[in-house]
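The values are calculated or read from the model by the stated rules, or taken from the named source; none is laboratory data. None of the values given here were measured: they were computed from a predicted structure. With ideal geometry, Cβ positions are generated from the backbone for all residues, glycine too; neighbour counts draw on all protein chains shown.
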Amino acid sequence: MQYTERNTGAVSEVVGEMLMIGIVLILVAVFSASLANYLPAERSPGVTIRLANDTGGNITLWHKGGDWVKTDTLRVIVAAGNNSVTTSYTLKSDPPFIHVPDTEAFDLGDRLTVYYPSLAGNESVTLATDRAVLFSGKIGGSP
């Protein structure tokens, strides 16, 4: 009987490479899952607004500084003195607010104008997005 020795070294090298690739893939998955916790949270935009109104019932909000905001996410809310009557204006509402210049972003120097026919001088005006209130102010009257 003749005894021959088999060469099995190549099989163990392939198995070792497959184990190394498996370990690397597991480590990449663990690190990517844990790094997601260190990403910064989405922040709300910061905007400086100047509020103006006229005797014709127009309320104007001027962008005086800060971040730009997408115009279609903005909402202007006007509440009467006792907050019992609230009117909300958006770009798509009827009547809409007017954005000058007519762009997709509310940015430095832009203005939003809403027509509020029964302006008594004690209304609260709020400029908000879906996520945050950007401005809140009061027209005339006592603070």
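Entry remark, region 91-100: residues being more than 19 Å from Ala52 (Cβ to Cβ) and in contact with an Asp or Glu (Cβ under 8 Å, 6 or more places away or on another chain) number 2 in total.
Go through (1) crowded, with 18+ Cβ neighbours inside 10 Å; (2) touching a His at 6+ places or on another chain (Cβ under 7 Å) and name the single condition Phe97 misses. Of (1) crowded, with 18+ Cβ neighbours inside 10 Å; (2) touching a His at 6+ places or on another chain (Cβ under 7 Å), only one is false for Phe97: (2). Taking the criterion of being surrounded by 15 or more Cβ atoms within 10 Å (Cβ to Cβ) and either modelled with pLDDT of 90 or more or among the hydrophobic types (A, V, I, L, M, F, W, C) (or both), the residues of region 34-57 that qualify are Val47, Ile49, Leu51.
Do any residues in region 73-93 that are within 15 Å of Tyr116 (Cα to Cα) and touching a residue at least 60 places away in the same chain (Cβ under 8 Å) have Cβ atoms under 7 Å from those of residues that are surrounded by fewer than 15 Cβ atoms within 10 Å (Cβ to Cβ) and of a type in the set (S, T, N, Q), where the two are at least six apart or on different chains, and which pairs are they? Here the result reads Gly81/Asn122, each pair linking region 73-93 to a residue that is surrounded by fewer than 15 Cβ atoms within 10 Å (Cβ to Cβ) and of a type in the set (S, T, N, Q). The criterion of at least 2 residues that are of a type in the set (Val, Ile, Thr) is met by the following strands (runs of 3 or more DSSP E) wholly inside region 54-143: 58-66, 75-79, 86-89, 98-100, 111-115, 124-128.
Taken over region 101-113, residues that are over 14 Å from Asn58 (Cα atoms) and either buried (at least 17 other Cβ atoms within 10 Å of the Cβ) or in contact with an Asp or Glu (Cβ under 8 Å, 6 or more places away or on another chain) (or both) amount to 5.
Quick check on region 9-31. Is at least one of its residues at pLDDT 85 or above and among the polar types (S, T, N, Q)? Don't jump to the end; show me each part of the working.
First, pick out the residues of region 9-31 that are at pLDDT 85 or above: 15-31.
If we keep only those that are among the polar types (S, T, N, Q) as well, we get none.
No, region 9-31 contains no residue that is at pLDDT 85 or above and among the polar types (S, T, N, Q).
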